[in-house]
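Below: the structure, in structure tokens.
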Amino acid sequence: MYWHNLFVPTLREHPADAEAVSHKLLVRGGFIRQLTAGVYSMLPLAQRTLLKITDIVREEMNAIGAQEFYLPALNPASVWRESGRWDVMGDNMFRLKDRKGAELCLGMTHEEIFTAIARNELRSYKQLPQIWYQIQTKFRDEPRPKSGVLRVRQFTMKDSYSFDLDTDGLDKSFDLHDAAYRRIYSRCGLRFAVVEASSGAMGGSASNEFMVASEAGEDWIASCASCGYAANVEKAVSRLEPVPDGSGLDAPEKFATPGIRTIEALVTFEGGAAAHNQIKTYVCVLDGKLTLALLRGDHELNETKIKDAVGANDFRPAQPDEIFEALGAHPGSLGAVGVTTYPVIADEALRGRTSMTTGANENDFHLRGVNVERDIKVTKWASLRTVKAGEGCPRCDATLEVNKSIEVGHIFKLGLKYSVSMGANVLTQDGREVPIVMGSYGIGVERIMAAAVELYHDADGICWPVSIAPFEVVVTPVNFTDEAMRTAAETIYRELKAAGVDVILDNRDERPGVKFKDADLVGIPFRIVVGPKKLKENKVEFFTRSTKTNEDLDLASVVAHVRNVVAEAKAKLR
RNA sequence: CGGGGCGUGGCUCAGCCUGGUAGAGCGUUCGGUUCGGGACCGAAAGGUCGGAGGUUCAAAUCCUCUCGCCCCGACCA
């Protein structure tokens with residue numbers, strides 16, 4: 001490929017509306033252009049990178065015996081109604097009607113479609129296990145698309161689904177994916193972490209997320225550098241220092257707290273209590289049901305955790321008037337002592353605590369001396385709080401750190417959710433009909449591209465890992481109109497190409513500075529500069545983008561050398 | 001959905017408060033000089049000022065509505 005013929009609309013300045021580094025550089029480097037909010041056109045450079053990523057994905061998926069499909073993005077409502085997700089997905093699903101008025105949607109993921117195929121075609125345990133995948137466009141009407149290609153409304157996903165006879169089989173399929181995913185991200189050059197995650201509305205028993213630490217990320221990951229524990233804060237737990245309780249009372253004692261409405265105010269109030277000796281009562285509505293969440297005064301509720309704890313899809317804080325109607329007091333004076341008509345979900349940190357202070361469900365009154373297990377009817381104990389950096393690791397003596405990360409992949413043990421709701425069953429060896437045990441596994445393709453940019457860039461532009469760079473090598477003649485330089489550059493280009501190197505020749509009639517700047521910005525890992533002075537000594541320069549180092553190479557050996565360097569760089573990513 | 005911001009040549013932005021001939025830099029085209037890190041000189045093309053309505057002799061500028069985009073929050077397999 002000659003640069004002159006390639007469409008690479010680089011920009012001298014950063015786009016005004018970009019915030020994330022990957023957004024700025026992908027736009028500036030001529031990789032992507034926005035069509036509308038959360039929808040991007042992939043220009044030739046991005047397409048080259050994405051194809052390299054999907055090639056790697058295909059190789060690794062095929063290597064675990066997965067089979068590629070290509071399923072419709074346009075789906076009938078009926079399949080989604082069967083699984084129950086037509087309603088669950090709410091406004092996040094793009095919906096439309098055809099000319100006859102039939103309801104359709106654009107697929108957000110493909111559990112339903114694959115399961116529909118499975119239930120019609122998989123009949124016997126002899127046909128299992130199966131791993132099916134596709135690389136397809138997914139549509140999600142995100143409330144707030146952002147950060148360029150990181151959070152969008154239309155994107156490419158590799159999604160696979162495993163079909164097994166039993167949970168042992170599922171465990172194997174899950175582990176195969178886990179291993180394949182690690183190879184995929186390694187080969188793409190990403191530094192990543194595998195963390196425990198909430199299974200959320202997908203249902204299922206276990207799930208791992210593949211995360212790339214980055215400021216542009218939207219997930220918070222708690223991790224332990226010492227033992228390797230890592231989990232999304234929607235799931236993470238921590239070890240807390242024990243808190244001393246007071247001597248206790250035989251029964252809770254009501255006391256007046258005029259005007260006291262916050263945990264903080266009660267700390268300094270005469271006769272009040274330290275935050276960690278208070279119970280925070282948070283009233284929320286889960287799937288339409290009023291529920292009390294109890295936490296230590298200085299802890300924060302994690303919405304995902306409480307949703308997971310009760311298996312709810314929908315969460316919202318309760319309105320002040322519905323709280324008053326239910327408990328007879330306003331926020332600031334709430335408590336769970338004596339509450340029996342509503343579910344009370346208590347955070348593990350409250351287990352065994354005594355001498356606690358909490359609202360009395362009467363405005364301007366609190367209770368002290370509350371013994372949680374004696375005085376409160378707890379419906380369910382669960383981890384509800386968001387862990388914080390500096391707290392103890394739950395698995396070892398070290399402390400946790402909390403970092404922002406980009407989710408580039410997610411693998412779930414789905415279990416029976418879809419096979420039961422949609423009736424995908426097989427016969428076992430002894431003739432029993434059992435639902436297929438499923439797993440679901442996703443990879444965000446554009447997110448890999450963006451995460452790589454977030455990870456590898458400098459003031460001059462992108463520094464792609466060789467495996468996913470739009471080109472591996474650029475040959476830059478300082479002056480292409482000069483006969484000698486032109487001949488040398490074209491020869492090197494031709495021979496590199498013949499040697500299997502993905503190379504581009506910058507044949508533009510531009511000043512050298514322009515060509516260097518563009519090559520740096522676009523992020524081509526290696527550059528061969530053919531300049532007038534060195535050429536007279538039969539030498540060229542070899543520049544490594546990531547380290548910004550230069551070395552002189554003999555014209556005679558440059559092709560062999562560069563081919564080897566590229567091969568080694570790729571091999572390192574295996 | 002709540003809060004904030006922005007829509008002016010291809011890009012980055014000024015002009016708006018205080019209404020009166022639409023600007024700059026970059027990019028593009030042509031001519032010339034240059035040629036190892038986004039050159040220089042000269043000339044030129046290119047804009048219904050997001051859209052609709054209103055106020056006014058006169059609207060990019062003031063008012064109303066509307067659409068789009070960005071950021072924070074909410075939300076998010």
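The values are calculated or read from the model by the stated rules, or taken from the named source; none is laboratory data. All figures in this text were calculated on a predicted structure; none of them were measured in a lab. A quick note on method: Cβ atoms are made from the backbone with ideal geometry, for glycine too, and the neighbour counts reach across all protein chains shown. Surface accessibility is based on the protein's heavy atoms, side chains included, excluding ligands, DNA and RNA. Shrake-Rupley method; radii C 1.70, N 1.55, O 1.52, S 1.80 Å.
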Q) Of all residues in the stretch A:76-120, how many are polar (S, T, N, Q) and over 25 Å from the mean Cα position of the chain (by Cα)? A) 2
Q. Which members of the stretch A:1-23 meet the condition of being free of Cβ contacts under 8 Å to residues at least 40 places away in the same chain and either more than 9 Å from RNA strand B (Cβ to nearest atom) or touching a helix residue (DSSP H, G or I) at 6+ places or on another chain (Cβ under 6 Å) (or both)?
A. A:Asn5, A:Phe7, A:Leu11, A:His14, A:Pro15
Q | Sole exception among (1) open to solvent by less than 30 Å² (accessible area, probe 1.4 Å); (2) away from RNA strand B (no atom under 15 Å from the Cβ) for A:Ala389, by number | A | (1)
**Q.** Segments classed as strands (runs of 3 or more DSSP E), wholly inside the stretch A:392-437, with at least 3 members that are open to solvent by less than 20 Å² (accessible area, probe 1.4 Å)
**A.** A:401-415
Q: Give the stretch A:18-58 a look and list any residue that's under 22 Å from A:Arg153 (Cβ atoms) and assigned to a loop (DSSP other than H, G, I, E, B), or say none.
A: A:Ala18, A:Glu19, A:Ala20, A:Phe31, A:Ala37, A:Gly38, A:Leu43
(Q) Condition first: open to solvent by 20 Å² or more (accessible area, probe 1.4 Å) and over 25 Å from A:Ala256 (Cβ atoms). Now tell me which residues in the stretch A:312-339 satisfy that. (A) A:Asn313, A:Asp314, A:Phe315, A:Arg316, A:Pro317, A:Gln319, A:Glu322
(Q) Suppose we keep only residues that are among the aliphatic types (A, V, I, L, M) and either more than 9 Å from RNA strand B (Cβ to nearest atom) or out of contact with any Asp or Glu (no Cβ under 7 Å at 6 or more places or on another chain) (or both) within the stretch A:524-537. Which one would you say is most open to solvent (accessible area, probe 1.4 Å)? (A) A:Leu535
Q: Consider A:Pro9 carefully, then state whether it is part of a loop (DSSP other than H, G, I, E, B) and closer than 23 Å to A:Phe139 by Cα.
A: no
Q: Enumerate the strands (runs of 3 or more DSSP E) found wholly within the stretch A:312-378, keeping only those where 1 or more residues are of a type in the set (D, E, K, R).
A: A:315-317, A:344-347, A:365-370
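Each row is one residue, and each column tells you yes or no for (1) without any contact (Cβ under 8 Å) to a residue 24 or more places away in the chain; (2) among the acidic types (Asp, Glu); (3) within 26 Å of A:Ala273 (Cα to Cα); (4) more than 16 Å from RNA strand B (Cβ to nearest atom).
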residue	(1), (2), (3), (4)
A:Glu300	no, yes, yes, no
A:Thr304	no, no, no, no
A:Glu322	no, yes, no, yes
A:His330	no, no, yes, yes
A:Glu348	no, yes, yes, yes
Q: Considering only the stretch A:538-560, state which residues are surrounded by 15 or more Cβ atoms within 10 Å (Cβ to Cβ) and assigned to a helix (DSSP H, G or I).
A: A:Val558, A:Val559
Q: May I ask you to verify whether A:Ala197 is buried (at least 22 other Cβ atoms within 10 Å of the Cβ) and closer than 28 Å to A:Gly444 by Cα?
A: yes
Q: Quick one: count up the residues across the stretch A:123-174 that are surrounded by fewer than 18 Cβ atoms within 10 Å (Cβ to Cβ), of a type in the set (Ser, Thr, Tyr) and within 16 Å of RNA strand B (Cβ to nearest atom).
A: 1
Q. With (1) at pLDDT 95 or above; (2) near RNA strand B (Cβ under 10 Å from one of its atoms); (3) open to solvent by less than 30 Å² (accessible area, probe 1.4 Å) as the list, and A:Gly513 as the residue in question, which single condition is left unmet?
A. (3)
Q | Tally, over the stretch A:266-311, of residues that are surrounded by 21 or more Cβ atoms within 10 Å (Cβ to Cβ), assigned to a helix (DSSP H, G or I) and in contact with an Asp or Glu (Cβ under 6 Å, 6 or more places away or on another chain) | A | 0
(Q) Can you list residue pairs whose Cβ atoms sit under 8 Å apart, with the first residue in the stretch A:489-500 being closer than 14 Å to A:Val529 by Cα and the second being of a type in the set (Phe, Trp, Tyr)? Count only pairs 6 or more apart in sequence or on different chains. (A) A:Ala489/A:Phe480
Q: Would you be able to tell me the number of residues in the stretch A:88-103 that are touching a helix residue (DSSP H, G or I) at 6+ places or on another chain (Cβ under 8 Å) and surrounded by fewer than 17 Cβ atoms within 10 Å (Cβ to Cβ)?
A: 4
